[in-house]
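To keep things clear, I will list the structure first and then write my remarks on it.
The values are calculated or read from the model by the stated rules, or taken from the named source; none is laboratory data. Keep in mind that this is a model prediction, so the values were computed, not measured. Positions of Cβ are generated from backbone atoms using ideal geometry, with glycine treated the same way; all protein chains shown enter the neighbour counts.
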Amino acid sequence: MAVKTKKTLVDVARLTKAQAKVEHMRLTLEIERHDKAYYQEDAPRISDAEYDALRQRLNAIEARFPEFVSGESPSQKIGAPPSGKFKKVRHAVPMLSLDNAFAEEDVLDFAGRIRRFLKLGDESRIDFSAEPKIDGLSMSLRYEGGELVTAATRGDGAEGEDVTANIRTLKDVPQELKGRNVPEICEVRGEVYMTKQAFLALNERQKAAGDTVFANPRNSAAGSLRQKDSSITASRPLGFFAYAWGEMAEMPADTQSGMIGWFERCGFKTNPLTRLCHSVEQLIAFHRKIEEQRAGLDYDIDGVVYKVDRLDWQERLGFVSRTPRWAIAHKFPAERAMTVLRDIEIQVGRTGSFTPVGKLEPVGVGGVIVQNVSLHNEDYIKGIGGDGEPLREGRDIRIGDTVIIQRAGDVIPQVVDVVLDKRPRNARVFQFPKKCPCPLHTDVVREETATGEEGARARCTGEFACPYQKIEHLKLFASRRAFDIEGLGEKQIAFFFEQGWVKEPADIFTLQARNAKLKLEAIEGYGETSVRNLFAAIEERRRISLERFIFALGMRHVGETTALALARGYGSWKGFHDACLRVAKGDEEAIAEMDALDQIGETVIASIKAYFGESHNRGIVERLTKEVTIVDVEKPKGNSAIAGKTVVFTGALEKMTRDEAKAMAERLGAKAAGSVSKKTDYVVAGPGAGSKLAEARKHGVEVLTEDEWLELIAQ
Ligand code: IVH
């Protein structure tokens, strides 16, 4: 073990807040690195006592400055070993998530959307499978020739972790599927959970042994599954309910309820409360009934899930972004708690927007300790926010107030009420800053709304010169959804930025070349292996897909879905970049072409124009593109007659809705555009088609009737 020079540590009680912050960051990084060395590399670099001393010092700092505690702090990551401990598994069919409904109207809207999409009359019945939403971890179990071959966690939906050895210890998971003629490949999906009773008993045992105590059954199920030693998993009572599937060589049923029956015949447990409902009223009644039963159940649920029962309808309905149109999670009402608001801080986001964050006296809500709460904007704090906001009317929020906070599912907790009776005399009205808290102290302006009025959100005007914005952009750049650089998380980025080593994205890719000077391995807590791993992870990401690259630029209003639409629209970086430069110069033709892309409108175009109109940004992009290879969008596979073509639908369609037609076109590899340009290949016009039809004629674009279109795609 390399001996490092020991620094004399200043007593925590004597640290200034600024010193403590730096020390907290350093300790966090160091602990994370030792966790990685211990869990992933099986090569601890310090003794247990030294490791404990690091944690104790971090805890002492957090006890003095509780505002440094965040969900990311090692003190909060009880027993959850860092990811990367298991082999990665790419899911044959992505594991997606569900859209949420909170109110009964949301369920009505959900059913209405389905009815419209499928063009069903009011008289047609839609059957739904209604199932409890188990609060555990989703799991994909792959069977080949009837034998369990892989068990993978959801991960980011595209890639999960291989936990096969641990899953084999669950009695609810058959090693072999029962019954004859099971399809050659079956991926059975469902939820791994721990019963409330088992969770309480486990925590008692852990406490007695001085070991990790878990916050809730979900965390304890996750912790139990992510063990290196599967005999530990075996000693933890985990259950599994099957409710979905991934790749299937053949479908053994044609309804969701039929599939659930098939899972049972194969030897799985399915949830006994699952029911088939025939109307929205029955769904609502199901929700109420399950909510009543919730407390008495031996496992945690956080809502119910409704799924269209007919699989052919599921297929037609398809997905929007990452959630199916054919299912929704109807959540139970949010859980609430009362606590004191100790302070308000301003967080500057990637695009300069200000979010006031309430610092709370930590409080448990639904099994999670909450200490930060979003206060949205200045008007929200003043109690003059718009309609439909969660804060009770007539309330303003002051520092020192006793507040009621609410947490619903994964949603960030919010303040919903202020207990005026408990307002102390010295409660302080928060003065919203007029200047950015960054060292530039740039002016703060309120954003304009689409109609040109003053909006509620405040922004720093420093743009690219504001270090807060730069750092937030770098965090997004390296994040999972963008460049996905392992080992370069938010804290590492912040650290490198503060050291001046990474000031813009291109710097990440030159780190290794500069390391002769920087000597990352000399930083306490790093080490040769972690530095090598970091450089390898960076190298691995020098090739990047066009949509990720566009998203990673961090332009305002260009999220993942928009980035994908742009990538598909232009196909290559060159095509996209040229178009952006022309848009930035106000080239009408380029603007019209961009506008013609599906899902792209004025707001996105204005943002692209502003971004590429700025020479500083063009410089960032230019330096970055020298470091990476941007992979063009793959040409649509398959030999469908419309693959790669651009189609515009206009007028009423009779056999299907416009959304369904668009979704179908996209499934077959075509682009569905919103307006006609000379790049359009087909315009499908139904009765009532107007200006788009005229445009098509003007550009000499082929016009098809709905039937001709259906014939074409059937080829
Ligand atoms: S269906 C395509 N059914 O909820 C969607 N999910 O918010 C497939 N969950 O990741 C999921 N109980 O972990 C489905 N009966 C149920 C569920 C359920 C719990 C979880 C699952 C999923 C999450 C989505």
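Values for this structure:
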{"read-out": "Which numbered condition Lys331 fails, given (1) more than 14 Å from the ligand (Cβ to nearest atom); (2) modelled with pLDDT under 95; (3) among the basic types (Lys, Arg); (4) crowded, with 19+ Cβ neighbours inside 10 Å", "value": "(1)"}
{"read-out": "For Pro467: the one exception among (1) over 28 Å from Gly669 (Cα atoms); (2) modelled with pLDDT of 90 or more", "value": "(2)"}
{"read-out": "Selection from segment 114-141 of residues that are of a type in the set (Lys, Arg) and within 16 Å of the ligand (Cβ to nearest atom)", "value": "Lys133"}
{"read-out": "Segment 372-404: number of residues that are over 21 Å from Pro362 (Cα atoms) and in contact (Cβ under 8 Å) with a residue 60 or more places away in the chain", "value": "6"}
{"read-out": "Residues located in segment 585-622, provided they are under 18 Å from Ala482 (Cβ atoms) and touching an Asp or Glu at 6+ places or on another chain (Cβ under 7 Å)", "value": "Ile620"}
{"read-out": "Only listed residue being away from the ligand (no atom under 13 Å from the Cβ), surrounded by fewer than 16 Cβ atoms within 10 Å (Cβ to Cβ) and part of a helix (DSSP H, G or I), chosen from Gln293, Gln347", "value": "Gln293"}
{"read-out": "Residue list for segment 97-106, restricted to those being surrounded by 17 or more Cβ atoms within 10 Å (Cβ to Cβ), in a loop (DSSP other than H, G, I, E, B) and either more than 16 Å from the ligand (Cβ to nearest atom) or modelled with pLDDT under 90 (or both)", "value": "Phe102"}
{"read-out": "Only listed residue being of a type outside the set (A, V, I, L, M) and more than 16 Å from the ligand (Cβ to nearest atom), chosen from Phe240, Phe214", "value": "Phe214"}
{"read-out": "Qualifying residues in segment 305-323 (those that are part of a strand (DSSP E or B) and modelled with pLDDT of 95 or more) - the one nearest to the chain's Cα centre (by Cα)", "value": "Val305"}
{"read-out": "Breaking point among (1) surrounded by 15 or more Cβ atoms within 10 Å (Cβ to Cβ); (2) within 25 Å of Glu184 (Cβ to Cβ); (3) in contact with a Leu (Cβ under 9 Å, 6 or more places away or on another chain), for Asp309", "value": "(2)"}
{"read-out": "Enumerated helices (runs of 4 or more DSSP H) restricted to segment 590-695, each holding at least 2 residues that are surrounded by fewer than 16 Cβ atoms within 10 Å (Cβ to Cβ) and not acidic (Asp, Glu)", "value": "602-612, 615-627"}
{"read-out": "Condition check for Val188: more than 16 Å from the ligand (Cβ to nearest atom), touching a strand residue (DSSP E or B) at 6+ places or on another chain (Cβ under 8 Å) and at pLDDT 95 or above", "value": "no"}
{"read-out": "Condition check for Gln406: in a loop (DSSP other than H, G, I, E, B) and out of contact with any helix residue (DSSP H, G or I) (no Cβ under 6 Å at 6 or more places or on another chain)", "value": "no"}
{"read-out": "Test: Glu159 is crowded, with 19+ Cβ neighbours inside 10 Å and either touching a residue at least 60 places away in the same chain (Cβ under 8 Å) or within 16 Å of the ligand (Cβ to nearest atom) (or both)", "value": "no"}
{"read-out": "Flag for Arg568 being modelled with pLDDT under 90 and assigned to a helix (DSSP H, G or I)", "value": "yes"}
{"read-out": "Residue count for segment 571-589, restricted to those that are out of contact with any Lys or Arg (no Cβ under 9 Å at 6 or more places or on another chain), of a type outside the set (A, V, I, L, M, F, W, C) and not in a loop (DSSP other than H, G, I, E, B)", "value": "6"}
{"read-out": "Test: residue in segment 554-563 that is modelled with pLDDT of 95 or more and part of a helix (DSSP H, G or I)", "value": "no"}
{"read-out": "Residue match in segment 89-96 (condition: more than 23 Å from Ala285 (Cα to Cα), out of contact with any strand residue (DSSP E or B) (no Cβ under 9 Å at 6 or more places or on another chain) and within 16 Å of the ligand (Cβ to nearest atom))", "value": "no"}
{"read-out": "Checking Ala295 against (1) touching a helix residue (DSSP H, G or I) at 6+ places or on another chain (Cβ under 8 Å); (2) closer than 28 Å to Ala334 by Cβ, the condition it does not meet", "value": "(1)"}
{"read-out": "Which listed residue, of Ser230, Ser257, is away from the ligand (no atom under 14 Å from the Cβ) and either surrounded by 21 or more Cβ atoms within 10 Å (Cβ to Cβ) or in contact (Cβ under 8 Å) with a residue 60 or more places away in the chain (or both)", "value": "Ser230"}
{"read-out": "Residues (more than 18 Å from Asp595 (Cα to Cα) and in a loop (DSSP other than H, G, I, E, B)) located in segment 696-715", "value": "Gly700, Thr705, Gln715"}
{"read-out": "Hey, Phe319 touching a strand residue (DSSP E or B) at 6+ places or on another chain (Cβ under 9 Å) and not small (Gly, Ala, Ser) or not", "value": "no"}
{"read-out": "All positions within segment 304-328 that are away from the ligand (no atom under 11 Å from the Cβ) and basic (Lys, Arg)", "value": "Arg310, Arg316"}
{"read-out": "In segment 510-535, the residues that are closer than 15 Å to Gly489 by Cα and in a helix (DSSP H, G or I)", "value": "Ser530, Val531, Asn533, Leu534, Phe535"}
{"read-out": "Search result, residues across segment 266-290 that are within 21 Å of Ile328 (Cβ to Cβ) and either in a loop (DSSP other than H, G, I, E, B) or touching a Ser or Thr at 6+ places or on another chain (Cβ under 9 Å) (or both)", "value": "Thr270, Asn271, Leu273, Thr274, Arg275, Leu276, Cys277, His278, Ser279"}
{"read-out": "Qualifying positions in segment 260-278 - within 16 Å of Pro174 (Cβ to Cβ) and either touching a strand residue (DSSP E or B) at 6+ places or on another chain (Cβ under 7 Å) or within 13 Å of the ligand (Cβ to nearest atom) (or both)", "value": "Ile260, Phe263, Phe268, Lys269, Thr270"}
{"read-out": "Matching residues in segment 462-504 - criterion: being among the aliphatic types (A, V, I, L, M), part of a loop (DSSP other than H, G, I, E, B) and in contact (Cβ under 8 Å) with a residue 40 or more places away in the chain", "value": "Ala482, Ile485, Leu488"}
{"read-out": "Filtered residues of segment 55-93 (kept if of a type in the set (D, E, K, R), modelled with pLDDT of 75 or more and part of a loop (DSSP other than H, G, I, E, B))", "value": "Lys87"}
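So that you can scan it fast, the table gives a plain yes or no per residue for (1) more than 30 Å from the chain's Cα centre (by Cα); (2) in a loop (DSSP other than H, G, I, E, B); (3) not polar (S, T, N, Q):
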site	(1), (2), (3)
Thr233	no, no, no
Ala244	no, no, yes
Ile260	no, no, yes
Glu264	yes, no, yes
